[in-house]
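Below is one structure, written out as structure tokens; the observations come after it.
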Amino acid sequence: MFSQTTTSMYPGCRRNGTRVESEHDCLLHHEGISYPCRMMNISLSGALVQAEDFPHAAVRPGDTCSLLLSTDPTANFTEYTSKITRIGTATVALYFLSMDFSEGIET
């Protein structure tokens, strides 16, 4: 089966699905601001992103945000509405709440 539950290195954290290492530039939207980030890994239920410029001190686990698997919001992209589950020094762990596909923005 494609999905499995694995144990995280963080106590009490269980994952639904195997994480796949996949570095990819993307955007993290939080409270109307886009932050460049780099996806480090992804699963069916979430992702870990490296976000150097993200305001780590201003967000809390449980906040919602969106992850765009593109660095150009006017192009086709997949957007994952997410809940922040963990915040590290330069990383943000996300749990996917929903997924939307876009065909770009008409100008």
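Screening S70, S82, S102 for residues that are closer than 14 Å to I42 by Cα and either modelled with pLDDT of 90 or more or surrounded by 12 or more Cβ atoms within 10 Å (Cβ to Cβ) (or both) leaves exactly one candidate, S82. The one condition from (1) within 14 Å of V92 (Cα to Cα); (2) of a type outside the set (D, E, K, R); (3) surrounded by 14 or more Cβ atoms within 10 Å (Cβ to Cβ) that S43 does not meet is (1).
The values are calculated or read from the model by the stated rules, or taken from the named source; none is laboratory data. What you see is a predicted model; the values in this text were computed from it and never measured. Methodologically, a virtual Cβ is constructed for each residue, glycine included, from the backbone with ideal geometry; neighbour enumeration extends over all protein chains shown.
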